[in-house]
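Chemist: Below are the structure tokens for one structure; questions will follow.
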Amino acid sequence: FTHYIHHNSDSDDGFSSRMASALHDLSSAYRLYGPHCMVGSYNGGKDACVIFHLMRAVHADYCRGMSMRQQRRQEEEAGSGNNYCNGDDDTNGSFGNENDVEFAIPRPRVIYFQHRDEFPEVLSLLHDTVREFDVEMLAFREGVSFPEGLTHLVERNVPPHNNGFSYYTTSSSEIVGKYAPYPAPPPHPLAFILGTRKNDPNAGSQGVYAPSSHYMPPFMRVNPILDWEYNDVWKFLREFDLPYCSLYDEGFTSLGTVKDTLPCPALKKEDGGDGNEGYWPAYMLEDWSLERAGRIAKPKKAKKPTSTTTTTTTAATETAIAGEKGQQDYLLKLEREGSKERSRLTDVTMSQTSSTVSLSTLDVTNHSSTT
């Protein structure tokens, strides 16, 4: 956190200010919601990677501050001779005194929605980073929609306490022992951290803090990098030497699925006659408006012919023209090389994942951490 805050660059262009603002906005959300009620979206894209590491930094800074404040309170109480009731005394209520136990530092939480046409390289990144940085991931099985998954999360967002409540306690029948007579507390408000930037198609009129849309469950969207540009994303990832998906080094600038994404045509290398074809890495893109030029547009319904037709050739339309052949070539590559990586999907879901959710029942199966 401190490393990010005090960052300086020779070619800054306001980047340090935007990064400090993102950390401040994210810290404010942590102050309002607390670490147990913050969830990050982590799908392996470049913006999600930025959010992943900003969230880790703010999470660690907040939890360190919480631990220090609790330690000071305990020292002050010990020095003054005050003896507060603990959780074993029923006169203190069912939940005990938060100062009686050491502040339990939760791991940062992220969610991921599985997709049958996911890039193997994305799955590899998710697997490696979730394990390396000891993050808790909730992976929703293929077929679970965003509203369904987020509803599941919002309705079960009960932070753990002295009494053993977990995120996924849903009724008093799940509470056993001494606290069985007490009903489960209502879910706490949830904040969902996103990598939305102002030029994204789904950004709309969102601000840094934006309530969820009417068709979604109630939660607060937190968009700490809303004002970042394409170049800011790469400056952050590269200057701090942070991991990102290897496809970006192969010319991909925006990742969808294997069926609708190709390398950015603006990054295609010129054939110098030596047969050395390929693409420059994503961070070398100069025209940021072409960030999504490698996305294959979905076919639109044919319109009635008109007397005059105007055709405009852009990088995006060139991509669409070449899309079918490029897609077939890439799918063949996946068939040859991707089966081993794709088989690691189970590892992404299970190794550092607290829960896996299926479409049919939306029931939770808990898994313990392996590290």
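The values are calculated or read from the model by the stated rules, or taken from the named source; none is laboratory data. Since the structure is predicted, the reported quantities are computational estimates derived from the model, not experimental observations. Every residue, glycine among them, receives a Cβ derived from its backbone with ideal geometry; neighbour counts consider all protein chains shown. These accessible areas exclude ligands, DNA and RNA; they are computed on the full protein's heavy atoms, side chains included. Shrake-Rupley method; radii C 1.70, N 1.55, O 1.52, S 1.80 Å.
Chemist: Name the one entry in Asn86, Asn82, Asn99 that is farther than 30 Å from Gly149 by Cβ, modelled with pLDDT under 70 and open to solvent by less than 60 Å² (accessible area, probe 1.4 Å). Break it down into steps so the answer makes sense when it comes.
Modeler: Details: Asn86 fails: open to solvent by less than 60 Å² (accessible area, probe 1.4 Å); Asn82 fails: open to solvent by less than 60 Å² (accessible area, probe 1.4 Å).
So the residue among Asn86, Asn82, Asn99 that is farther than 30 Å from Gly149 by Cβ, modelled with pLDDT under 70 and open to solvent by less than 60 Å² (accessible area, probe 1.4 Å) is Asn99.
Chemist: Also, I was wondering about something else. Which count do you get for residues in the range 224-253 that are touching a residue at least 60 places away in the same chain (Cβ under 8 Å) and open to solvent by less than 20 Å² (accessible area, probe 1.4 Å)?
Modeler: Of the residues in the range 224-253, 12 are touching a residue at least 60 places away in the same chain (Cβ under 8 Å) and open to solvent by less than 20 Å² (accessible area, probe 1.4 Å).
Chemist: Does the range 4-20 contain at least one residue that is within 18 Å of the chain's Cα centre (by Cα), modelled with pLDDT of 95 or more and either at negative phi or open to solvent by 30 Å² or more (accessible area, probe 1.4 Å) (or both)? Don't jump to the end; show me each part of the working.
Modeler: Our first condition is that a residue be within 18 Å of the chain's Cα centre (by Cα); within the range 4-20, this holds for 19.
If we keep only those that are modelled with pLDDT of 95 or more as well, we get none.
Within the range 4-20, not a single residue is within 18 Å of the chain's Cα centre (by Cα), modelled with pLDDT of 95 or more and either at negative phi or open to solvent by 30 Å² or more (accessible area, probe 1.4 Å) (or both).
Chemist: Only residues that are at pLDDT below 90 and open to solvent by less than 30 Å² (accessible area, probe 1.4 Å): list them for the range 185-213, please.
Modeler: If the condition is that a residue be at pLDDT below 90 and open to solvent by less than 30 Å² (accessible area, probe 1.4 Å), then Ala203 is the only one that fits.
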